[in-house]
Structure formats: C-alpha cells, structure tokens
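Notes follow once the structure below has been shown.
What follows draws every value from the coordinates through simple rules; no lab data is involved. Since the structure is predicted, the reported quantities are computational estimates derived from the model, not experimental observations. Don't worry about glycine lacking a Cβ; one is built from the backbone with ideal geometry, like all the others, and counts go over all protein chains shown.
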Amino acid sequence: MSKTVFITGASSGIGKACAEVLAQEGYNLLLCARRFQNLEEIKGRLTTLYPQIAIHIFELDVRNYDEVKSKIEGLPAEWKNLNVLINNAGLSQGLDPIQDGDIGDWDRMIDTNVKGLLYVTKTVIPFLENQEGAHIVNIGSIAAKEVYPNGNVYCASKHAVDALNQAMRIDLLSKGIKVTGINPGMVETEFSEVRFKGDIERAKNVYTGIEALTGKDIAETIAFVISRPKHVNINDLIIMPTAQATGTIVNRK
Ligand code: NDP
Ligand code: 8X3
C-alpha cells in the first residue's frame, strides 16, 4: 500500500519540491499552507502527472493551535493514516542587530518555526503511532547549528528545532517513530524574499555568484532519508551548497 506524507508549507520552495519529488516516488500527499491557490495549482499539476497517487490539500496557518487541532483532527479518516510528517513551514523575518529587532518579526519567527512545528507535531503523533515507517522530518537550517551576525532570533528559532529533534527522538523512541533533522545552507526559494519583505533585489543578491541549493536537492535527500529500512534512522543532516562553508562564508564568483 502507498505511504502518505504530510508536508507543511507545501505552497512554495522546499515544501513544494518535496511534494513534486515524493509524488514521483508514489507517495500520497497531504499538503497544507496559508496560500490555498498555490496548493490547488500543485495538486492539479501533480494529479495529471501522477494519477495513481491521492492528494489532499487544506489551508492552514500553523501558528494557530485551535486551527491546527481542528483542521487536522477533522481530516477525512483515510487522511489520518499518515506515515511521514515533514515539518517544513517556516520563515525568517528581517536581518537586524538584536537591539534594532522588530518584535513583530520575532513573534512571527518563533510562532511559526517553533510553536507551529510543536502544534502540528503534537496533533499528528497519534496518527503516526503504529503506522508502518512512522517518521517525523524537521526542517532546521545551518542556522540551527551556528549563529551569524544579525541572524539572532531566526538562529534561535532553528536552534530550538535542533533541540526538539533530539528531544523528540528520545520521547518517541518507545513508539518507534523515527525523527530526522534536515539542516540546509542556502536554498534558492522564496525564503529571502520573505525575510526581506518583498525586496526582490536584496533577496536576489543573497544567491548572486554562487550555485545555491534548490528545493529539489533537499527533497531528494528527504526521499532518501524516509526510504531507509525500518531499522535505520538518519538522525541529522547538514546539506550545504559546495560554494558555502558556513552560514556566512561563501565563495562567490
Ligand atoms: P519559502 O518561503 O519558499 O517556503 C516557506 C513555506 O512555509 C511556504 O510554503 C509557506 O506557505 C509556509 N509557511 C510560512 N508560514 C506559515 C504558516 N504560518 N502556516 C503555514 N505555512 C507557513 O521558503 P523555504 O522553502 O526556503 O523554507 C522552508 C523551510 O526551510 C523553512 O522552515 C526555512 O526556515 C527552512 N530553510 C530554508 C533555507 C533556505 O535557504 N531557503 C535554508 C535552511 C532552512 P504560505 O506562505 O502559503 O503559508
Ligand atoms: C536559511 C539559511 O543561512 O540564510 O535557514 O539562515 S540561512
């Protein structure tokens, strides 16, 4: 029987690429994000390409616990047969020294990257229990492993994800649920556009002169991670562009 993967933040970037790669691999897809129109486009396209898989989409803001709980618990029964959760929804807002940081930016990052991930995970765990190949994949970042100038709260939010990977692995051990942290360096997505609040020029400059990772690079890695045999878990991966050594040391041509 085909396995079902639940991807949060599937409307663009890494989450969308995961949907595309995992559809090709034959997984059924449960997709959510705030931008429902994007999800409709993805569902339409992937259903045409891969008519043998099932896709269910729904609008969700992971920051709202009541919404997370009611929408996930209210899913049709067949969509609660989940095998894999990819906690991908996340964002950065601003790149300012801590003394100039915007409280709204801080709230959006912590509410999405940390609290949203926790809300979804808590709600989904009962559906993963006793499932074949139960697996939670948390998208961290190189910012989960190091801190860079002006990255303060984004880095803190991703360090929290790193801690939660380790904590989930301990707490979910007896349930047989695998937990993997995926920590990418620079991936060219809408990430920098969101960080710089629509300043396209500034966002483009982030990736100028280097071959950044693509969402597909990350998605293919996740496809590998979730297809390991039952007794094998990949705990934690850092994936960087060849031209990036650390969060900020980049070899631009
Ligand atoms: P994108 O901006 O392209 O995608 C972010 C996704 O998260 C979108 O689908 C967005 O959907 C969703 N999202 C954001 N806020 C919410 C919310 N409140 N509720 C539900 N969904 C939400 O960026 P990426 O694909 O790059 O980012 C995906 C993950 O990868 C993030 O966790 C990011 O921190 C991480 N990451 C990114 C790196 C990069 O260089 N790009 C490197 C390392 C990690 P919508 O707006 O429709 O709600
Ligand atoms: C995104 C990568 O280095 O811009 O998490 O923080 S970085």
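Here are the numbers for this structure:
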{"quantity": "Between region 158-183 and region 1-57, the alpha-carbon center distance in angstrom", "calculated": "24"}
{"quantity": "Whole-Hz ³J(HN,Hα) from phi, Karplus 6.51 cos²θ - 1.76 cosθ + 1.60, for region 189-205, glycine and proline x", "calculated": "9, 7, 3, 6, 4, 6, 4, 9, 6, x, 7, 4, 4, 5, 5, 4, 4"}
{"quantity": "Burial order of peptide ranges 177-190, 96-109 (average beta-carbon count within 10 Å, highest first)", "calculated": "177-190, 96-109"}
{"quantity": "Candidate lysines for bridging to LYS145, where Cα separation is under 16 Å - those fewer than 8 sequence places away on the same chain excluded", "calculated": "LYS158"}
{"quantity": "Backbone HN-Hα couplings from phi across region 62-70 [Karplus 6.51/-1.76/1.60, Hz, Gly and Pro as x]", "calculated": "5, 6, 9, 4, 4, 5, 4, 5, 6"}
{"quantity": "Nearby lysines by direct alpha-carbon distance to LYS230 (threshold 25 angstrom, same-chain neighbours under 8 apart not counted)", "calculated": "LYS3, LYS80, LYS122, LYS175, LYS178, LYS216"}
{"quantity": "Per-residue ³J(HN,Hα) for region 214-227, Karplus 6.51 cos²θ - 1.76 cosθ + 1.60, θ = phi - 60°, Hz, x for Gly and Pro", "calculated": "10, x, 4, 4, 6, 4, 5, 5, 5, 4, 5, 4, 7, 9"}
{"quantity": "Cα coordinate range in the chain, projected on the principal axes (Å, largest first)", "calculated": "48, 39, 35"}
